[in-house]
Amino acid sequence: MIRNLVIAIGLVVAACDDTVDPITKITGPRVLAVETEPSVLALDGVLQLTALTVDPDGPRTGERPVDAVRMRACAPWKFVSDPALDCAGLDALALVTDDQGRVTVSSQALEAAFPSPPGIDAPPDPWGAVIAAGVPLRVPVIVEIEVDGLTLTARRDITVVDPMVAHQNPRISEVRFDGVVTTTLRPDQRYVLTVAIDPASLDEGLPDDDTPGEREQVGTRLYSPAGALADTSVELDDPDAELPESEPTAYTTGAPGPTWLFVVAVDQTGGMSLVSVPLVIE
């Protein structure tokens, strides 16, 4: 009862404090996305994971790398609420990162680590049997990023599918301000922001769609260190358009100087991608 009251008071104070930063504002290092290629893991396939970290000065890559990257896969049979408790010991598989902080993992390695729930004998081809039965199979991956003395934690669920199922990540083709692609904006100016998605990157005819044959929906999440965004995310206005574009939202610039806009695209099957747009306000 007291704990709930404390939480409620905290929420009220935050709501009344005009200095609280919106979720769209980047004030320090943050993991905005964990990209996978491909977007799903096929049985007998491999998948690469890349955690995308940014801060107010841009992406933490190249000459500004993070300090360390750790990833571990979790047992798909166990609900993961607290990664430190629920994804540890025999319920976790440490994944090896390369010198770029990326991980490449195979379905065979995951299946060998987690063949079946505890106490249940694994049948031949255990994961194939699960998928053939129509049971969703998702493997949580916990990502820990060491950067600037902080430990950032993120999670990405990998969907395991039949090799005949193909999904892809949505690709952002353009970010437009008042309908124009530009990286130079005026200070304290309100712009209409839209995001165009490459139509070739959109899956069609998803099994759970009410209208088979149409392209999937994509949501675009928006972040910026400076200025103000009217929405945290916007969806495509018409996925079946010749060049699908997000619904418009407002981006109001701040003071003169260099800054960034970060856009994460997420589709209906969990595919995602991120673009970092350098901006000059002058």
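Working only within the stretch 77-87, note down all residues that are under 27 Å from residue 65 (Cβ atoms) and surrounded by 11 or more Cβ atoms within 10 Å (Cβ to Cβ).
Within the stretch 77-87, 83, 87 qualify.
For the stretch 84-93, does any single residue satisfy the condition of being among the acidic types (Asp, Glu), closer than 28 Å to residue 27 by Cα and assigned by TED's automatic domain parsing to the domain that holds residue 116?
No - not one qualifying residue is present in the stretch 84-93.
Residue 228 - would you say it is loosely packed, with under 14 Cβ neighbours inside 10 Å and not aromatic (Phe, Trp, Tyr)?
no
The values are calculated or read from the model by the stated rules, or taken from the named source; none is laboratory data. Note that this is a predicted model, so its numbers are computed, not measured. Here Cβ is always computed from backbone atoms with ideal geometry, including for glycine, and neighbour counts include all displayed protein chains.
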